[in-house]
Amino acid sequence: MNKIPFFPNTIDDRHCVQACLCMALKYFFPKKIFTYAELNMITGHLKGYGTSMSLVLDLLEKQGLEVVNLENFNYSRFAGEGEKYCAEIWSPETLEGQKQLTDLAHEQRLAKVLLKNKDVKLIYKVCTIEDVIEYNKKGYILMVAVNPHALRKEEGYWSHLVVVTEVSKTEVTFHEPGLPPVPNRKVTPEIFAVAMTPPRLENTGVVAVRFKQ
């Protein structure tokens, strides 16, 4: 099991990314201290919205880490087309929901910043549990987008980020930043695979990070 420090999200349902980022950064740089306020500023977080992954990826790479982002979202097209691209790939319901959670014009500007960093590897694909298994075996620390409703075997959808600490044939163990926060939560690979797959495969994501080889 990766001995990843646990940081709970006790603020609101918009700060799971900051919590996961704290966990990953503390794992790689135990002597450094990153506060949520500092990470809000670095990642361009807007109050009341979710946190953009664009500057998260850029931040991790600038710390000297190898960063691989697997996601069925084309950052190049989004940077150029903005909401028009989102309307093409998402259902009207998902687009409307994202507009409530995200300032798309702001996200488009941040995507342009990310694309300037050629050392962040962006892989366009629908992510699966097999990606988690593969990159875990390669020694990457993984931040994975999941649907927390699916983890509880409930109806509904919400985009959420967790940090995987161990993968076996029978269990996926992960830090659940909350709400509510649960360190080393365990579910079966089958449940985790379902949680990684939102309705209509509209958004899947795995961020794999390790020291540069």
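The values are calculated or read from the model by the stated rules, or taken from the named source; none is laboratory data. Values in this document were obtained by computation on a predicted structure and should not be read as measured data. Glycine gets a Cβ as well: all are built from the backbone with ideal geometry, and neighbour counts include every protein chain shown. Just the protein is used for accessible areas: all its heavy atoms, side chains included, with ligands, DNA and RNA removed. Shrake-Rupley method; radii C 1.70, N 1.55, O 1.52, S 1.80 Å.
At-a-glance table
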quantity: Any hit, the range 165-178, residues being basic (K, R) and either in contact (Cβ under 8 Å) with a residue 60 or more places away in the chain or farther than 14 Å from E130 by Cα (or both); calculated: no
quantity: Within the range 138-149, tally of residues that are touching a residue at least 24 places away in the same chain (Cβ under 8 Å) and either farther than 18 Å from T188 by Cβ or open to solvent by 20 Å² or more (accessible area, probe 1.4 Å) (or both); calculated: 6
quantity: Among the candidates T102, T128, residue that is at pLDDT below 90 and either surrounded by fewer than 19 Cβ atoms within 10 Å (Cβ to Cβ) or under 19 Å from N203 (Cα atoms) (or both); calculated: T102
quantity: Residue match in the range 18-32 (condition: in contact with a helix residue (DSSP H, G or I) (Cβ under 9 Å, 6 or more places away or on another chain), hydrophobic (A, V, I, L, M, F, W, C) and closer than 23 Å to K112 by Cβ); calculated: yes
quantity: Meets criteria (surrounded by 15 or more Cβ atoms within 10 Å (Cβ to Cβ) and among the polar types (S, T, N, Q)) for T165; calculated: yes
quantity: Residues of the range 1-27 satisfying the condition of being in a loop (DSSP other than H, G, I, E, B) and among the β-branched types (V, I, T); calculated: I4, T10, I11
quantity: Among (1) without any contact (Cβ under 8 Å) to a residue 40 or more places away in the chain; (2) open to solvent by 60 Å² or more (accessible area, probe 1.4 Å) - the single one L25 does not satisfy; calculated: (2)
quantity: Residue list for the range 28-59, restricted to those being in a loop (DSSP other than H, G, I, E, B) and within 16 Å of the chain's Cα centre (by Cα); calculated: T43, G44, H45, Y49, G50, T51, S52
quantity: Residue match in the range 59-72 (condition: closer than 18 Å to D103 by Cβ and crowded, with 21+ Cβ neighbours inside 10 Å); calculated: no
quantity: Some residue of the range 89-96 being part of a helix (DSSP H, G or I), over 18 Å from the mean Cα position of the chain (by Cα) and either modelled with pLDDT of 95 or more or surrounded by 15 or more Cβ atoms within 10 Å (Cβ to Cβ) (or both); calculated: yes
